[in-house]
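**Q** First the structure, then my questions, so here it is.
The values are calculated or read from the model by the stated rules, or taken from the named source; none is laboratory data. Computed from a predicted model, the values in this text were never measured in an experiment. Every residue, glycine among them, receives a Cβ derived from its backbone with ideal geometry; neighbour counts consider all protein chains shown. Just so you know, the surface numbers come from the protein's heavy atoms only, side chains and all, with ligands and any DNA or RNA stripped out. Shrake-Rupley method; radii C 1.70, N 1.55, O 1.52, S 1.80 Å.
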Amino acid sequence: MDNYVIYAEALGALAVIFNFIGYRQQNINKYLLISAIALACLSTHFFMINALAAGISCALACTRNLIALYYRGNPILIFFVLANIAFFSYEWWWLGSEWVIFIAYASSMIFTVGSIVLTSAKRVKQWFILAEVLGLVYAILVGSVFGTVFNLSNLCSIFYSLHKEKRNQLNDAVEKNDK
């Protein structure tokens, strides 16, 4: 295995670690920041393995998350939706990319709308389940080992986090009833 592939996979592994930490955040801004770091690593990983749609989507997502730390208005939402459409169109009609880019950009659109419109970490996680499944399918189709691990890890983290939140709510309700 040459150094280029090792570096690409190392960035993918780093993305997995950062995103694992990100999905455990209860504060939306902490989640967005840590997720942006993970997305920057994953974007570079995808560019290095020539998976252009995922590289672009992750780069847009990284930028979007950083902006969403400070502003979540409709103009930002519209900008990133249009950017996704523009990059998809460029790839589809100009570069003649394969049909799998539909999956990458559909996932990206869900992440885009969710990151800007939703302000609850719980609601973001619920919507991101679909986006992560789409990302998983794309990663498998393009042969990204750490893209696959990234999405599987994220799905496990989301389900675990949502389960833990629900269990804590149930425990709180039981404690209130006992008093």
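Per-residue answers, yes or no, for (1) surrounded by fewer than 20 Cβ atoms within 10 Å (Cβ to Cβ); (2) in contact (Cβ under 8 Å) with a residue 24 or more places away in the chain; (3) over 29 Å from Asn74 (Cα atoms); (4) within 13 Å of the chain's Cα centre (by Cα):
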site	(1), (2), (3), (4)
Ile101	no, yes, no, no
Ala106	yes, yes, no, yes
Thr112	no, yes, no, yes
Ile129	yes, yes, no, yes
Leu141	yes, yes, yes, no
Ser144	no, yes, yes, no
Leu152	yes, no, yes, yes
Leu155	yes, yes, no, yes
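**Q** If only one of Phe80, Phe111, Phe46 is under 27 Å from Ser161 (Cβ atoms), outside any loop (DSSP other than H, G, I, E, B) and touching a Lys or Arg at 6+ places or on another chain (Cβ under 6 Å), which one is it?
**A** Phe80
**Q** Related question: When you scan the range 68-87, how many residues do you find that are open to solvent by 20 Å² or more (accessible area, probe 1.4 Å) and free of Cβ contacts under 8 Å to residues at least 24 places away in the same chain?
**A** Here the count works out to 9.
**Q** Suppose we filter Ala10, Ala59 for residues that are among the small types (Gly, Ala, Ser) and within 15 Å of Ser144 (Cα to Cα); which single one remains?
**A** One residue alone meets the criteria, Ala10.
**Q** Restricting attention to the range 131-138, does a residue exist that is surrounded by 16 or more Cβ atoms within 10 Å (Cβ to Cβ), under 22 Å from Cys41 (Cα atoms) and of a type in the set (D, E, K, R)?
**A** Within the range 131-138 (the criterion being surrounded by 16 or more Cβ atoms within 10 Å (Cβ to Cβ), under 22 Å from Cys41 (Cα atoms) and of a type in the set (D, E, K, R)), the answer is yes, since at least one residue qualifies.
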